[in-house]
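Reading through the structure tokens given below for one structure.
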Amino acid sequence: MRFTHITLLLSFLPLFVFSQKFSRQQISRDAKALERILFKVHPQPFAYVAADSLRKRLKEIQEFDGDSLPALEWEIRVRRLLISVGCGHTYITGKAPSKKSARKKRYALPFRVFADSDKAWVVGNVDSTGKMPVPAGSWLIEIDHKPVDSLLAVMHLHQSTDGYNRTFNERLLNKDLIFNYLYMKYFSADSLHHVSFLTPDGQVLSTPVKGIRDKDLYTPDPGRDSTIKILYRAGKGDQTFYYQPGHPEIGVLKLSAFHGKGTRLYKKAVRNMKKTKAKYLVIDMRDNTGGSFSSSVNLIRHVADKPFSMRVHRRVFRSWRHQSLLNHWNRFNAF
């Protein structure tokens, strides 16, 4: 499901420059616009949160000390509220600076990072020089005097994910050099960074490190694993079936999304495993972004031992007056 209110949110919320600050009058205006959009455009604003609770949260995000609120803090507050609404596709992203001005001054962290929950480690370099200002295996404590756990918390808020799929959220942050790019976008793109870290031998060190131009970031192409032979695929390669290399008794269903055509893939996979007398099936959904509910139910039909029933309970009728006539008709069809 794709919601058109994402575009409306972007047009109403002035989150284009994170260094900008908003006055109380601006915050109040944007909060009213957000409330109007959520209640009018969102198909199920009260599916996971009661109406009075949502209005209370809308009021709470406007409370702050001082005369103004930084744009980044305001975006974080808005994202937390949208997460409570419960729609995985309800997210917003600030507009990046123009390429002409951004390309001149953008510098990235000069090392590759692996992040897991609220911790991060240095795992390698990001350029072809081989220079490593921070030893590989070091546990990062602070970057530019900001605790790493707080940096990761902000980065996670900027990752789109379907529902509460935290596994996909974690893996996306570690894909390629997304950590480096997000740090440039939301925290610092300066040519000099200050890093505190715990070395593999237990020393706590702090050192300034020179940033690397974003155009010089180096990502070696790992290439495709030639040992994996894809037998069946569905969609645009989002759903595939193969046997684990070196272990013909293990079948693997890698599902990066759920699509209607996946039902045919599941049947082919099960039939092939029966034919080859394979013993085990691994279902890999670490990169799954969601999709068709019926497709996921059809998958369970192939692996469940007993008959089952599934029901999704959502309190949609509170928002009945906010729905279009076509949406009401679709609800009756669902029954």
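Assorted remarks:
- Residues in the stretch 61-84 that are assigned to a loop (DSSP other than H, G, I, E, B) and within 21 Å of Arg36 (Cβ to Cβ): Ile61, Gln62, Glu63.
A quick yes/no check of all residues on (1) at pLDDT 75 or above; (2) within 25 Å of Leu231 (Cα to Cα); (3) assigned to a helix (DSSP H, G or I); (4) not small (Gly, Ala, Ser):
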position: Asn272; (1), (2), (3), (4): yes, yes, yes, yes
position: Lys306; (1), (2), (3), (4): yes, no, no, yes
position: His313; (1), (2), (3), (4): no, no, no, yes
position: Asn327; (1), (2), (3), (4): no, no, yes, yes
position: Phe332; (1), (2), (3), (4): no, no, yes, yes
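- Between Ala31, Ala96, the distinction of being outside any helix (DSSP H, G or I) and either small (Gly, Ala, Ser) or modelled with pLDDT under 65 (or both) belongs to Ala96 only.
- Residue list for the stretch 10-28, filter: out of contact with any strand residue (DSSP E or B) (no Cβ under 9 Å at 6 or more places or on another chain) and either modelled with pLDDT of 85 or more or under 14 Å from Arg77 (Cβ atoms) (or both): Leu13, Leu15, Gln25, Ser28
- Applying the set (1) modelled with pLDDT of 90 or more; (2) open to solvent by 60 Å² or more (accessible area, probe 1.4 Å) to Val122 leaves exactly one unmet item: (2).
- Selection of strands (runs of 3 or more DSSP E) fully inside the stretch 179-251 by the criterion of at least 2 residues being loosely packed, with under 14 Cβ neighbours inside 10 Å and hydrophobic (A, V, I, L, M, F, W, C) returns 204-210.
- Selection of the stretch 125-152 for residues being more than 12 Å from His193 (Cβ to Cβ) and at pLDDT below 85 yields Asn125, Val126, Asp127, Ser128, Thr129, Gly130, Lys131, Met132.
The values are calculated or read from the model by the stated rules, or taken from the named source; none is laboratory data. This structure is a prediction, so every number in the text was calculated from the model and none was measured. With ideal geometry, Cβ positions are generated from the backbone for all residues, glycine too; neighbour counts draw on all protein chains shown. SASA here: full protein model, heavy atoms, side chains in, ligands and nucleic acids out. Shrake-Rupley method; radii C 1.70, N 1.55, O 1.52, S 1.80 Å.
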